[in-house]
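Scroll down for the structure; my scribbles are underneath it.
Derivation of every value follows stated rules applied to the coordinates shown; laboratory data play no part. None of the values given here were measured: they were computed from a predicted structure. Cβ atoms come from the backbone with ideal geometry, glycine included; neighbour counts cover every protein chain shown.
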Amino acid sequence: MKDVMNFDAAVIAAVTGHMNDDHLDDNLLIAKAFGYPNATASTMTGLDEQAGVWRVTDAAGEHELRVDWPGAPIADRPQVRRQVVELYKAACATLGVPARDEHEPAEAAAHGHAHGEAHPHAGSSPHGHNPHAAEEAADGPKPFSRVVRESSWSDHSSSEGANFMEDIMRGVASKQDYIDLVAQHFFMYEALEEAATQLASDPAYAGLHPAALVRLGTLEVDLEHLLGANWRDEIRPVPASAAYAARIREVAAEGWLPGIIAHHYTRYLGDLSGGQIIARRVARQHGFDGAGVAFYDFASLGDLKAFKENYRDGLDALGETLDEGEQQRMIEEVRAAYAFNTAVFVDLAELKAAA
Ligand code: HEM
C-alpha cells in the first residue's frame, strides 16, 4: 500500500477539510457503496495519487477505507476534484441514488429539496458545470459561458491555489491576513462598481448587475467592524490591487462592455461560488456573525444558483453578439482578471513576510 504522502499537506488539508465540513453526506455515500453498507459515519482522512482514504464507522467499529480513483494515478489538485466527483457518482450508481447536479447544494440533494444557498460542489471543474447538456448532446456550438469557464479554469486554479488564499481556506491565516484581504477587496470593488454602473444603465445587461449584487456597502460594514470608524485612513492598496483597479477603470473609460463583463464575471461569480466557502471558514475561525463577512452575504439576491445560471445565460447571449476575435479578447480579459487576483495574493503574502 502506498503512503498518503505524494500530495502536499496543504492540498490534503484543504480537500479533506472541505469534504468533512461540507460533504459529510457524500463521504457516507462513498463508504456505503465501497464496502461498508451499514456505515453510520465517514470522514475523509487523506488521499494520494492512487486513492482517497476515509475513516468509516459502523456497528463493528472503525475501519480505514481506501477507494482507488477511477482515473488513477492522478497528479494535481484539479484532478482530485474530478475524481471525488467520479467516486460520488459511482457511489450513487451503486446505491441507486440519483446523483445531484453539480450546482445543487449537497444538503439539498440529501434532503430531496433545493434551498437558496449556493454550495459549489467539491469536484466542480469546467467539465462539471453542464447546464446546457441538451445543446451539447445536439453537438451544437458550446455555450459561450462554458467556453469562458473552460478557457480560464487553469487561471482559476492558480488563484485558488495561491498560498495566501490556501492559508485562509485551511484556517491557518491570521485575522490580520483576512483584514488585509478585505481591504484589497475595497479597492477592487470601488473600481468595479463604478464600471458596473455602465452595465446597470444598459437594458441588455442590467440583469447582470442588480442592486443586490453591489458590494461596496458591505465592504464598508466589514471594514468598520474590523478596523473601526477610521478604517478608510488605515487601508492601502498593494501594488497589484492598484494595477487591477487601474485596468478596470481603463476598460470602463474605453466603454468596452465585454471587458467590463469579464471583470464583473471573474469577481462576482467567484464571490457567489468559492466565496461562500471562504465566508463559512472565516466566520467560524474568527467568530464573525454578519459584520466581518457581510461581503459574502448575498441573501437579498435570492436563489444564488438561479442567479448564477441566469448570469451564464446572459454570457451566452453576449457571446452570440461577439465575433470570434471579440470573444477571444474578452476571454483574455477574464484571464487577466484572474492573474490580477493571483498577484494580489502574492503581494499580500509578501506584505505578511515583511511584517
Ligand atoms: C480558495 C479559494 C477558492 C475556492 C475554494 C473556489 C472554488 C470554486 C468552485 C468550487 C467553483 C465552482 C462553482 C460552481 O460550479 O458553481 C468556483 C467557481 C468560480 N470561481 Fe472560485 N474558488 C476560489 C477562489 C476564486 C478566486 C480568487 C476567484 C477570482 C477572483 C474565483 C472565481 C471564480 C469564478 C469566476 C467562478 C465561476 C466559474 C464559472 O462557472 O464560470 N474563485 N470557485
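Bridgeable aspartates and glutamates around Lys32 (alpha carbons under 17 Å apart, same-chain partners fewer than 8 residues away excluded): Asp58, Glu62, Glu64, Asp68, Glu86. Summing charges over all other residues whose Cβ lies under 13 Å from the Cβ of Thr197, with Lys and Arg as +1 and Asp and Glu as -1, gives -3.
Rounded if a/c is under 1.5, else prolate if a/b is larger than b/c, else oblate: which is the range 133-354, with a ≥ b ≥ c the root eigenvalues of its Cα gyration tensor? Judged from the Cα gyration tensor, the range 133-354 comes out prolate (a/c at least 1.5, a/b above b/c).
Here Lys352 is the anchor, and the lysines within straight C-alpha reach of less than 16 Å, apart from those fewer than 8 places off in the same chain, are Lys175.
Among Val84, Ala99, Ala51, flag the residue with its Cα farthest along the positive direction of the charge dipole of the range 9-111, charges on Cβ as +1 for Lys/Arg and -1 for Asp/Glu. It is Ala51. Within the shell of other residues whose beta carbon sits under 10 angstrom from the beta carbon of Trp54, the net charge comes to +1, with Lys and Arg scored +1 and Asp and Glu -1. Let a ≥ b ≥ c be the square roots of the eigenvalues of the Cα gyration tensor of the range 9-111; is it rounded (a/c under 1.5), or, if not, prolate (a/b larger than b/c) or oblate? Rounded.
Here's the list of lysines a cross-link from Lys308 could span, going by alpha-carbon distance under 28 Å and ignoring same-chain residues fewer than 8 apart: Lys89, Lys142.
Note: relative contact order over the chain, using C-alpha pairs below 8 Å and six or more positions apart, is 17 percent.
Here the range 133-354 is treated with +1 on each Lys and Arg Cβ and -1 on each Asp and Glu Cβ, and its dipole about the Cα centre works out to around 620 debye.
Calculate the FRET efficiency for Ala59 and Glu150 from the Cβ-Cβ distance with a Förster distance of 51 Å, rounded to the nearest 0.05. Working from the Cβ atoms, E equals 0.65.
Dividing the summed -39500 (n - 2.57) terms of all DSSP H runs of n ≥ 4 by the residue count of the chain sets its mean residue ellipticity at 222 nm at -19500 deg cm²/dmol.
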